[in-house]
């Protein structure tokens, strides 16, 4: 869906109507059913080749196969009954009837097609397959309305033998406009989705070692909850053996309202973890030359809502008032004693903070105490 340039045209699920458009236009030029049917089938084969080679799409097999089959049946019918049925307009309508019937059959076997070995093998095409079935329903309904109109039209004008402008409109221009409109609708739908995805944040999919295996849109990952592991940056802020904690906001997804570190965010795809961590607190580092910032540890965290590979960093500030000056707000510095007294209470601290606290207490704060003791002595 996010393909650029001409590729997005070959991933349009309504591409199956184009051979039928070519068939109608060819008839408009040649006024011959057999030649037009052959040209339409050749165009279906050409579009299929382009989709396979250039568009890298296998959904074209379903989309273009329906129109190819309809044109083939139209050609066979004309070869058999062309000497008996003299109305060329009849074969135009017959081709449309074949097209609608094949689409109906394909939609009828939709569950079996989705569960077939071919689509399990090419599971990356599932999105396009679903889009095809959605547009197939629209194709069926619109062309069925036109066929119903043609049934009434042919009945009302059967006594008139002369060609009228309304014949050209009914037999050619209406189905041509419908097919062109369907293809345009598919393209607009793809463009709209692509525009939204370009604004989307992309998260890397990683394993516990931090190795990237792919990427996914952030909104889609939220829907899938803990299916994929994503890297996550957390920054603990300490000052004089005290740690800064603030309530978690709704955007944090888990443990909303619980006390936790003031800085955390997803690491976006193709971003460097250390640079991203520094960028998130650049306003603090710029204000305080004496602040120190370093990486502490990496660990995995998973619950029902999320699956994260967490990179924990430490920001040590000299003056507690710095956070107030920068309008961090909403929290305060806690002593180790205060944290220990409240640790046993439920829902006071976030899950990740509880996992990190013992490590911070036995490493960073012990080092802080030793440093202060040495300084005083």
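At an R0 of 51 angstrom, the distance between the Cβ atoms of residue 347 and residue 108 translates into a FRET efficiency of 0.45. Could you work out how much longer the chain between residue 166 and residue 53 gets when fully extended? Use 0.36 nm per residue separation minus the Cα distance between them, nm to one decimal. Between residue 166 and residue 53, full extension yields an extra 36.5 nm. Projecting label points 7 angstrom from Cα along Cα→Cβ for residue 335 and residue 31 puts them 10.1 nm apart.
When shorter helices are ignored and each DSSP H run of at least 4 residues is given -39500 (n - 2.57), the per-residue value for the chain at 222 nm works out to -17500 deg cm²/dmol. With both labels modelled 7 Å from their Cα along Cα-to-Cβ, the residue 42 to residue 287 distance reads 7.3 nm.
A Förster distance of 41 Å, applied to the separation of the beta-carbon atoms of residue 279 and residue 141, puts the FRET efficiency at 0.20.
All C-alpha to C-alpha distances of segment 205-376, sorted into 10 Å bins beginning at zero, yield P(r) values of 9, 37, 36, 16, 2, 0 percent in whole numbers.
Based on alpha-carbon atoms, the Kirkwood radius and the radius of gyration of the chain give Rg/Rh equal to 1.25. Computing FRET efficiency as 1/(1 + (r/R0)^6) for residue 354 and residue 213, where r is the C-beta to C-beta distance and R0 is 41 Å, gives about 0.90. Length gained on full extension, residue 363 to residue 149, computed as 0.36 nm times the residue gap minus the Cα-Cα distance: 69.0 nm. Here the contact order of segment 209-294, divided by its residue count and restricted to Cα pairs under 8 Å and six or more residues apart, works out to 23 percent. Spacing of the modelled spin labels on residue 180 and residue 87, each 7 Å from Cα toward Cβ, amounts to 2.6 nm.
Bear in mind that the values in this text are calculations on the coordinates, not laboratory data. On a predicted model such as this, the values are computed, not experimentally measured, just so you know. FYI the Cβ positions are ideal-geometry reconstructions off the backbone, even for glycines, and counts take in every protein chain you see.
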